Amino acid sequence: MRIFFRRIVLFACCMLALIEVGFTNAFRQIQRYNGVLNVNYTDLNMFFEYNGENIPVSLSASIGEYAGKRYDDNSGHSYPEDKIEVRVEQQSSYAAVTISSTADGDNSFVWPIIAAEEYYLPISEGKHIGCDDPVWKDFLAQESFNIIESFSMPFWAAAYGSYAVVYIPEQPFRTELVFLILIDCNVLCLTDIHKLILKRKPDTVYI
């Protein structure tokens, strides 16, 4: 499974390279991630530090009280009001955020919350969306996209200047993207829906 998602990561990066060349008619070198992921566990606000810049991964989430980590290895950060646990792993070329539900029945959680300058979505042959594009804003307002049904591939990207953050959900069939309008800009929200869990099945987003 992890080999499959690494291949998806590589393919997503290649697609972004093609999209960027197509829109700018200029080649920009795409470098693998080797920065530092900063995590505020009280609200799950995250950003990469890279070359002296902070590149957003997620804005602050609407989340209940943080109860601390359960284990000494920095895993299993607990949020009992929301009935979830969060684990963040940093590797040399990617980061993985795993959300596990501790609820007996259905559970849902919104993360990440993204307010980017541009988005790249694999809709049809691929769409490049500016956050202030009035046509896209009218079309996307309050729209939701089931990853499996709406996207040709299970990933999307948020761009900030010369940097892009690629998101790949491990369980795309349980994932929706929702566009909301906030401060005159599209905010891309991912709703991670945990089904009825008999044997707990965590969901991971690779970044």
Subset tally (residues that are closer than 18 Å to GLU118 by Cα and open to solvent by less than 40 Å² (accessible area, probe 1.4 Å)) for the stretch 142-153: 2
Count - residues of the stretch 81-97 that are modelled with pLDDT of 85 or more and farther than 15 Å from ALA61 by Cα: 7
Residue in the stretch 121-140 that is crowded, with 20+ Cβ neighbours inside 10 Å, more than 12 Å from the chain's Cα centre (by Cα) and among the polar types (S, T, N, Q) present: no
Residue within the stretch 52-60 that is at pLDDT below 90, in contact with a strand residue (DSSP E or B) (Cβ under 6 Å, 6 or more places away or on another chain) and either aromatic (Phe, Trp, Tyr) or surrounded by 12 or more Cβ atoms within 10 Å (Cβ to Cβ) (or both) present: yes
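A quick yes/no check of all residues on (1) among the aromatic types (Phe, Trp, Tyr); (2) over 11 Å from TRP156 (Cβ atoms); (3) touching a strand residue (DSSP E or B) at 6+ places or on another chain (Cβ under 8 Å):
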position: GLU89; (1), (2), (3): no, yes, yes
position: SER93; (1), (2), (3): no, yes, no
position: ILE99; (1), (2), (3): no, yes, yes
position: ALA103; (1), (2), (3): no, yes, yes
position: ASN107; (1), (2), (3): no, yes, yes
position: VAL110; (1), (2), (3): no, yes, yes
position: ILE114; (1), (2), (3): no, no, yes
position: SER124; (1), (2), (3): no, yes, no
Listing of strands (runs of 3 or more DSSP E) fully contained in the stretch 106-178 that carry 2 or more residues being among the aliphatic types (A, V, I, L, M): 107-114, 156-160, 163-169
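The values are calculated or read from the model by the stated rules, or taken from the named source; none is laboratory data. Small disclaimer: the values here were computed from a predicted structure and weren't measured. Using ideal geometry, Cβ is built from the backbone for each residue, glycine included, and neighbour counts are taken over all protein chains shown. In case anyone asks, the SASA skips ligands and DNA or RNA and just uses the protein heavy atoms, side chains included. Shrake-Rupley method; radii C 1.70, N 1.55, O 1.52, S 1.80 Å.
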